[in-house]
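All remarks here apply to the structure that follows.
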Amino acid sequence: SKPRVLIARKIFPEVVQRLSQHFHVQANDADTPWNPAELVAQLQDKDGALTTGSQRIDGELLAACPRLKIVANMAVGYNNFDVAAMSAAGVQGTNTPDVLTETTADFGFALLMATARRMTEAEHYLRAGRWRNWSYDMFAGGEVHGSTLAILGMGRIGQAIARRGAHGFGMRVIYHNRSRLDAQLEAECRATYVDKNTLLAQADHLVLVLPYTPESHHAIGAAELARMKPTATLINIARGGIVDDAALAQALKDRRIAAAGLDVFEGEPRVHPGLLEVPNVVLTPHIASATVATRLAMANLAADNLIAFFETGRALTPVNAPQTP
Ligand code: GLV
Ligand code: GLV
């Protein structure tokens, strides 16, 4: 009989339809964000799952779901997975790399530009009916073209942002990453490797595009913000928790840095109240990959992983090598 697959949140009906041709599908048409106990109850009798990045898959859940063989995340990040626990339990994890790279880089650049040029702050002013006059410094922001673009985390998305900056905006691109790119990729991105302190000190616009791990927790905190230029901006399209949001709110309030653009937050969907109080931050609700075409491609890749895994035993974009139980 067909494997049983849970789809943890509402996704495109046509993708549910495709999955239904291969599996006994249980969808979440009400789009309820299940708590961990509810998720276990839904997943107990399932062989596979499609998750969206906000369902935690850990040892406790796995122990209660012994049939589970694969969890396909509809996200490139998979910090919702306890990868070691999944591997030990013989559970395959997959993510959705590549299909969202350019779209996410577009959004990172949009957020950078909106932040540097104070677009949302200016719009709020206009909407509030406060535009009466011209003044020489009205919403005067920081320069984008020709400035120094600093990228922390130089994976596929970081490289796509580097290309935009170098080739489209004549920016000087510096980056820091756990490992250096090879010379050809560095040349394509016109990016120069620097140590983290140099990156912080020289950034006009610092863009975070690294995965969230215990090592990257609070990679940007008060000490790092203190090393940045007072004119610099900070852009986070990676994950909440990479930035210490309390320290950032304080730095923005004190104008230790000029501005921030944030698509991700510690403990989202809650947002640190200090960030809501300061004008010099552009805030978006974790939408960097949200175009219709890219979200569909992500859903289809997650579905393809489930189909390939149950048909051939091999996932297309695995994130771990599960042990045979
Ligand atoms: C979204 O945040 C993703 O990881 O794809
Ligand atoms: C993350 O791995 C990325 O695609 O940049």
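The values are calculated or read from the model by the stated rules, or taken from the named source; none is laboratory data. No experiment lies behind these values; they were computed from the predicted model shown. Here Cβ is always computed from backbone atoms with ideal geometry, including for glycine, and neighbour counts include all displayed protein chains.
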The listed residue being within 19 Å of Leu208 (Cβ to Cβ), of a type in the set (Gly, Ala, Ser) and not assigned by TED's automatic domain parsing to the domain that holds Leu19, out of Ala128, Ala140, Ala150, Ala122: Ala150
Check on Gln159, touching a Cys at 6+ places or on another chain (Cβ under 8 Å), in the same structural domain as Met113 (by TED's automatic domain parsing) and either among the polar types (S, T, N, Q) or part of a loop (DSSP other than H, G, I, E, B) (or both): yes
Those residues of the stretch 231-241 which are surrounded by fewer than 24 Cβ atoms within 10 Å (Cβ to Cβ) and closer than 13 Å to Leu206 by Cβ, in sequence order: Thr231
Which listed residue is more than 16 Å from ligand 2 (Cβ to nearest atom), under 30 Å from Ala201 (Cα atoms) and not hydrophobic (A, V, I, L, M, F, W, C), from Asp245, Asp304: Asp245
Yes/no for Phe107 being buried (at least 20 other Cβ atoms within 10 Å of the Cβ), among the aromatic types (Phe, Trp, Tyr) and either in contact with a Ser or Thr (Cβ under 8 Å, 6 or more places away or on another chain) or at pLDDT 95 or above (or both): yes
Qualifying residue in the stretch 166-185 (condition: closer than 30 Å to Val5 by Cα and either within 16 Å of ligand 1 (Cβ to nearest atom) or assigned to a strand (DSSP E or B) (or both)): no
Condition met for Ala258 (within 28 Å of Thr94 (Cβ to Cβ), in contact with a Ser or Thr (Cβ under 9 Å, 6 or more places away or on another chain) and in contact (Cβ under 8 Å) with a residue 60 or more places away in the chain): no
Evaluation of Val25 against (1) surrounded by 19 or more Cβ atoms within 10 Å (Cβ to Cβ); (2) touching a residue at least 24 places away in the same chain (Cβ under 8 Å); (3) of a type outside the set (Ser, Thr, Tyr) (one fails), failing number: (2)
Helices (runs of 4 or more DSSP H) (entirely within the stretch 44-119) containing at least 3 residues that are within 16 Å of ligand 2 (Cβ to nearest atom), among the hydrophobic types (A, V, I, L, M, F, W, C) and assigned by TED's automatic domain parsing to the domain that holds Gly240: 101-116
Single condition Glu143 does not satisfy, out of (1) closer than 30 Å to Ala75 by Cα; (2) in contact with a helix residue (DSSP H, G or I) (Cβ under 9 Å, 6 or more places away or on another chain): (1)
Lone qualifier among Gly53, Gly48 - being modelled with pLDDT under 95 and surrounded by 15 or more Cβ atoms within 10 Å (Cβ to Cβ): Gly53
Meets criteria (touching a strand residue (DSSP E or B) at 6+ places or on another chain (Cβ under 8 Å), surrounded by fewer than 18 Cβ atoms within 10 Å (Cβ to Cβ) and more than 22 Å from Ala321 (Cβ to Cβ)) for Arg4: yes
Residue among Ala162, Ala150 that is touching a strand residue (DSSP E or B) at 6+ places or on another chain (Cβ under 6 Å) and more than 15 Å from ligand 2 (Cβ to nearest atom): Ala150
Pick from the stretch 79-117, criterion of a type in the set (Ser, Thr, Tyr) and away from ligand 1 (no atom under 11 Å from the Cβ), ranking: nearest to Tyr212 (Cα to Cα): Thr94
Pairs with Cβ under 6 Å, 6+ apart, first in the stretch 277-289 and under 22 Å from Ala160 (Cα atoms) and at pLDDT 95 or above, second near ligand 1 (Cβ under 9 Å from one of its atoms) and part of a loop (DSSP other than H, G, I, E, B): Thr284/Asp263; His286/Asp263; His286/Val264; Ala288/Ile237; Ala288/Asp263; Ser289/Leu100
